[in-house]
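The next block holds one structure in the form of structure tokens; read it before the comments.
The values are calculated or read from the model by the stated rules, or taken from the named source; none is laboratory data. Everything quoted here is computed from the prediction, not taken from an experiment. So basically every Cβ, Gly included, is an ideal-geometry build from the backbone, and we count neighbours across all protein chains shown. Protein only, heavy atoms only, side chains kept; ligands, DNA and RNA dropped before computing areas. Shrake-Rupley method; radii C 1.70, N 1.55, O 1.52, S 1.80 Å.
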Amino acid sequence: MLSSSYNQALVVCSVIVAILASYTALNMASRVSSTRGRSALLWLIGGSFAMGFGIWSMHFIGMLAFQLPITLGYDVPLTLVSLLIAIVSSALALNLVCKDTLPWGRLVSGGVLMGLGIACMHYTGMEAMLMTPRIIYVPWIFVLSIVIAILASLAALWLAFRLRQEVKRATYRRMGAALVMGSAIIGMHYTGMAASKFPIDSFCGAANSGIDTKWLAVLVIIVSLAVFAIALIVSMLDVRTDRLANSLDQANNELLELALHDNLTRLPNRILLGDRLEQAIHRAERQNGGFAVLFMDLDGFKAVNDMHGHHVGDLLLKAVAERLQNISREKYTAARLGGDEFVLLMEPDSPENSAVLAQRLIETIEQPFHLTGIPLHISTSIGIAIYPHDGKTEHELMVNADAAMYHAKKQGRNGYRFFEYAMNADVQQQMQLQQDLCQAIHNNELVLYYQPKLVAPAGPLAGMEALIRWQSPEHGFLTPDRFLPLAESSGLIVPIGNWVINEACRQMKDWCDQGLSDWSVAVNLSAVQLEHTSLVDVVRTALEKHALAPSHLVLEITESTAMRDAKASLKVLNQLSALGVSISIDDFGTGYSSLLYLKQLPANELKIDRGFITELAQGNDDEAIIQAIIALGKTLGMKIVAEGVETPEQQALLTRLGCDTLQGYLLGSPGPADGLFKEASHPAQLPDLTPVFQ
């Protein structure tokens, strides 16, 4: 037999190529398993070529390291067949490890097939030398090489399957696995080479017609390294691209979540609710069915917000959302529109089931909320609109459910109402009234009536209280109770209130110019005005514009208004008092102010609520209450005003109890400024002509 030897440098190259081929194979398995569809097919094809070429190149570099005392060469067709066998075997391996599961039966059968394929590649490559006589193989070593190939394939498949997912520190694990796999492949190759024996008279038939070994060594090494480098670089770029795409998808999903859900409660917002309403309408049209829209508004939430602060208010809204989610989980859509308004979409549905759900919601919301160590109590008013009876579009259903909720509030709150078409008339009327009220300021439709305030018991006159009226061309003569609540809810109360202050100052200046310099004019401030940052500037500007002394202006605020935000109210009232205007506490006795807070207010006047005056009689409870209020006011150095005086008995009793000023229909009805003096020859005579106001 011919003696053989190995080129140590090429042996080292074969080991390096084997390890690189193993690492590339593991990396390809990861990419194929993490992609789907056409991308997975492309990675399978590319990975099979890279992995197969790597195994094949290691085999031929190892063969090039093998030396005989004769010239060697390799037949091109058989060499290409061995390469094809390596690629097909690699495709089989990658396809197996990319399955969701790899049971032992499939692992063993796959390992046997792949091992036989690698062995076939090896011995086909050996046949490419076209040796004559043929190569003799030692049987037991030949069998051992095949066993090693199968065991190496089993280990490779198992490691590739286990390490195919992108996990933390996967690179280091793949490096270790590549060393094991590379060593197994090298062991199989050199075991197979050891099984080969060459007779003394052997010669290589491909020595002259095949590929020259020198060029083959250079070609295989360069191409192998290029293939590995390209495969690994593309794989790394693809991994980075996937990570970037996943990050973008995650960011997009987060943005979509923010765009379609309420930031505070994480419930669907108005946009997502609109989409689900449209879907519900389409389903109902196809199935000839129906669904319900329940419009909820929390009763008493504003009071909680004002008393405990916005932080507690936010916690309360979250707690309400949790209760709604517990009720609506997997069956209904619960959404928050904003503020304290929520909507439930219930499908499919009937009016009976809607009523049952509405009652359940009412009972759930009225249970105490324990958020700040003390129980918080609120309720809810619910309006119900049924598709298609109460509306066939998203807009109609929402508007009609809102109208039904509004009527539930008007009927006493903490209840529910089904929509009726008569409700729309009220809603449209309110909307039209709001539009007309907005124009009333610019069209000079607002007027001030003045009611006299007399020194007890019957004069002289101490001043007037300015009371707003609306002379509307469309709605007629309207008293404040018809339009001021709408003005407050819409925000129009601020420009209206500013107009009242300016007009009252103008009229008071006119009276002063007529010699009535002892009078003052009282103007009511709403809670919205008191909270507005421009109030102090508005009052200052009005006084300066009309050159009116501040002592002629009295600003009246209700006790409850002053207590909405005690610290902020005290700050604003102190600024107003610093201007020189008087502060009057209106409707005293109906709020919840403390004596300590009342003492801090810069008030000059205390106005007893008309509710105590109406049933006033000597010896009853109202008399005792009024007597206590008067004593309190006198102690604090305030003037006492009683409003709503309508009988001589009330006039006499209030005077006896110590009221300084009286006001009411007995003493004078509200009227326009130009009509107050029509029965007096001169304004100065007015203090002695009290009956002209009756």
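If the condition is being open to solvent by less than 60 Å² (accessible area, probe 1.4 Å) and assigned to a helix (DSSP H, G or I), then region 403-414 contributes 403, 404, 405, 407, 408, 409.
Filtered by the rule that a residue be among the β-branched types (Val, Ile, Thr) and open to solvent by 70 Å² or more (accessible area, probe 1.4 Å), region 601-624 gives a lone residue, 614.
Give the residue that is farthest from the chain's Cα centre (by Cα), with candidates limited to residues of region 367-398 that are β-branched (Val, Ile, Thr) and open to solvent by 50 Å² or more (accessible area, probe 1.4 Å). Show your work before the answer.
Filtering region 367-398 down to residues β-branched (Val, Ile, Thr) leaves 372, 374, 378, 380, 382, 384, 386, 393.
Filter once more, so that each one left must be open to solvent by 50 Å² or more (accessible area, probe 1.4 Å): 372, 374, 393.
Details: 372: 24, 374: 28, 393: 25 Å.
This residue is 374.
Just to be sure, is residue 471 within 43 Å of the chain's Cα centre (by Cα), over 22 Å from residue 331 (Cα atoms) and open to solvent by 70 Å² or more (accessible area, probe 1.4 Å)? For residue 471, the condition - within 43 Å of the chain's Cα centre (by Cα), over 22 Å from residue 331 (Cα atoms) and open to solvent by 70 Å² or more (accessible area, probe 1.4 Å) - is not met. Within region 332-366, if we keep just the residues that are surrounded by fewer than 16 Cβ atoms within 10 Å (Cβ to Cβ) and β-branched (Val, Ile, Thr), the residue that is nearest to residue 317 (Cα to Cα) turns out to be 364.
Yes/no matrix, rows are residues, columns are (1) of a type in the set (Lys, Arg); (2) at pLDDT 75 or above:
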{"position": "544", "(1), (2)": "no, yes"}
{"position": "563", "(1), (2)": "no, no"}
{"position": "567", "(1), (2)": "yes, yes"}
{"position": "571", "(1), (2)": "yes, yes"}
{"position": "579", "(1), (2)": "no, yes"}
{"position": "596", "(1), (2)": "no, no"}
{"position": "607", "(1), (2)": "yes, yes"}
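Picking from residues in region 532-565 that are among the charged types (D, E, K, R) and in contact with an Asp or Glu (Cβ under 7 Å, 6 or more places away or on another chain), the one that is most open to solvent (accessible area, probe 1.4 Å) is 565.
Only one of the numbered conditions (1) in contact with an Asp or Glu (Cβ under 8 Å, 6 or more places away or on another chain); (2) at pLDDT 90 or above; (3) open to solvent by 10 Å² or more (accessible area, probe 1.4 Å) is not met by residue 289, and that is (2). Return only the number of the condition from (1) in contact with a strand residue (DSSP E or B) (Cβ under 9 Å, 6 or more places away or on another chain); (2) in contact (Cβ under 8 Å) with a residue 40 or more places away in the chain; (3) outside any loop (DSSP other than H, G, I, E, B) that residue 536 does not satisfy. Status for residue 536: all satisfied but (1).
Screening the candidates 91, 65, 160, 156 for the property of being over 60 Å from the mean Cα position of the chain (by Cα) and modelled with pLDDT under 80 yields one hit, 65. Selection over region 120-145 of residues that are open to solvent by 40 Å² or more (accessible area, probe 1.4 Å) and either in a helix (DSSP H, G or I) or under 16 Å from residue 56 (Cα atoms) (or both) gives a count of 7. If we scan region 390-397, do we find a residue that is more than 20 Å from residue 296 (Cα to Cα) and among the hydrophobic types (A, V, I, L, M, F, W, C)? No, the conditions are met nowhere in region 390-397. Scan region 265-281 residue by residue and report those that are more than 18 Å from residue 331 (Cα to Cα) and surrounded by fewer than 14 Cβ atoms within 10 Å (Cβ to Cβ). If the condition is that a residue be more than 18 Å from residue 331 (Cα to Cα) and surrounded by fewer than 14 Cβ atoms within 10 Å (Cβ to Cβ), then 271 is the only one that fits. Look at (1) under 26 Å from residue 407 (Cα atoms); (2) touching a Phe, Trp or Tyr at 6+ places or on another chain (Cβ under 8 Å); (3) modelled with pLDDT under 90 and you find that residue 334 fails only one, number (3).
Remark: pairs (first residue in region 66-85, touching a residue at least 12 places away in the same chain (Cβ under 8 Å) and farther than 27 Å from residue 49 by Cβ; second residue outside any strand (DSSP E or B) and among the small types (Gly, Ala, Ser); Cβ separation under 6 Å; 6+ apart in sequence or on different chains) = 68/4; 71/207. Considering 542, 522, the condition of being outside any helix (DSSP H, G or I) and of a type in the set (A, V, I, L, M, F, W, C) is satisfied by 522 alone. Just to be sure, is residue 506 assigned to a strand (DSSP E or B) and either within 29 Å of residue 662 (Cα to Cα) or open to solvent by 30 Å² or more (accessible area, probe 1.4 Å) (or both)? It is false that residue 506 is assigned to a strand (DSSP E or B) and either within 29 Å of residue 662 (Cα to Cα) or open to solvent by 30 Å² or more (accessible area, probe 1.4 Å) (or both).
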